[in-house]
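Asks: The structure is given below, and queries will be raised subsequently.
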Amino acid sequence: MALRQIRQEGDEILRKKARPVKEINANIISLLDDMMETLVECDGVGIAAPQIGVLKRVAIVSHEGETYELINPEVLEIEGSQACNEACLSVPNKCGDIERPLAITVKALNRHGEEYTVKAEEFMASVFCHELDHLDGVLFIDNAVNICPLDREELAERKRRRRERLGIRRGR
């Protein structure tokens, strides 16, 4: 496993559409492992391959003990709508309000090539949508309103609470 550099707003790779994974092989498994290590290190809840410079349709969502590795994800159904306040590893120090589905059902492959379906609601629905947008070259700031600086104290507190929930006992 290796820690990968997060690509930042302005990097053209973040605006490109990711290509489907044709074969789940050692490179894809390594990519998933690197993405997970990077996600944990950054205290994020989701990461997509383009955010680390890889144009593959691969994303990870991990929150409160549940982790989903998404290879070639497809949206099957969306329901309702909700207002969300989002931030992004690739758009540091900014947050904004965005409308997302209240629920989303996604089909994907896992690292073993097994197809599965997950229904995410509320906060998790917004996370899934955010990561799937990355696979199509879309950043949350493209559709958000009220974009403003992310409060550094609030961000530090969010990270502290997340580390606590995950049982991570190290300082940053």
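The values are calculated or read from the model by the stated rules, or taken from the named source; none is laboratory data. Predicted model only: the values in this text are computed from it and were never measured. Cβ sites come from the backbone with ideal geometry, for glycine too, and all protein chains shown count toward neighbours.
Asks: If you go through segment 62-76 one residue at a time, how many are more than 15 Å from residue 132 (Cβ to Cβ) and of a type in the set (Val, Ile, Thr)?
Replies: So the answer is 1.
Asks: Ok, one more. Return the total of residues in segment 15-40 being touching a Lys or Arg at 6+ places or on another chain (Cβ under 9 Å) and within 16 Å of residue 65 (Cα to Cα).
Replies: Selection size over segment 15-40: 1.
Matching residues to (1) in a strand (DSSP E or B); (2) at pLDDT 95 or above:
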residue	(1), (2)
94	yes, no
116	yes, yes
129	no, yes
138	no, yes
153	no, no
159	no, no
165	no, no
169	no, no
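Asks: Moving on to the next point. List the strands (runs of 3 or more DSSP E) that sit entirely inside segment 1-89 and contain at least 1 residues that are buried (at least 21 other Cβ atoms within 10 Å of the Cβ) and β-branched (Val, Ile, Thr). Outline the logic, then answer.
Replies: On the way: elements: 46-48, 58-63, 66-79, 82-88.
Ranges flagged: 46-48, 58-63, 66-79.
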